[in-house]
Amino acid sequence: MTKKQKVIIVGAGIVGASIAYNLSKKNQDVTLVESHSKAGCGVTSTSFAWINPSGRVPDNFQHLYDGSLAEYHVLEKEIPELKVDWNGSLSWGIPVNIHKSYIEKITRQHASKYPT
């Protein structure tokens, strides 16, 4: 985009916010419309907007997973107040079907039984 354009983006989740942020870096006239008082307060805030399945990442999607993590690190440097919460997960074993996730909520007590 070389010519300055007016762009309206509806929704300040990870996709809308990312588009608005990157267009504004290219000096475009961006208006971001969000119904909530805080950006990223819906699905984005609880999903971390990961694009990979829980568990093993199929080889043909690994580059998307790696790229999304790299971009989060770039954003952390560009926008220090973003405060990305790098929560982890506890997983063991390899699912039989890597295309179907199995998630089980466990307690801290249960997790402490397994050595790291």
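The values are calculated or read from the model by the stated rules, or taken from the named source; none is laboratory data. All figures in this text were calculated on a predicted structure; none of them were measured in a lab. Cβ coordinates were reconstructed from backbone atoms using ideal geometry, including for glycine residues, and neighbour counts include every protein chain displayed. Side chains included, ligands, DNA and RNA excluded: accessible areas come from the protein's heavy atoms. Shrake-Rupley method; radii C 1.70, N 1.55, O 1.52, S 1.80 Å.
Some values worked out for this structure:
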quantity	calculated
Where Gln109 falls short, out of the listed (1) closer than 25 Å to Asn22 by Cβ; (2) modelled with pLDDT of 80 or more	(1)
Test: residue in the stretch 23-42 that is open to solvent by less than 70 Å² (accessible area, probe 1.4 Å), within 20 Å of Tyr72 (Cβ to Cβ), modelled with pLDDT of 90 or more and polar (S, T, N, Q)	yes
The stretch 12-22, residues that are under 13 Å from Leu75 (Cβ atoms) and at pLDDT below 85	Ile14
Criterion: modelled with pLDDT under 85 and open to solvent by 80 Å² or more (accessible area, probe 1.4 Å) - qualifying residue of Asn87, Asn52	Asn87
Near pairs, Cβ below 8 angstrom, 6+ apart or cross-chain, from the stretch 61-76 (among the acidic types (Asp, Glu)) to any residue that is open to solvent by 50 Å² or more (accessible area, probe 1.4 Å)	Glu76/Leu82
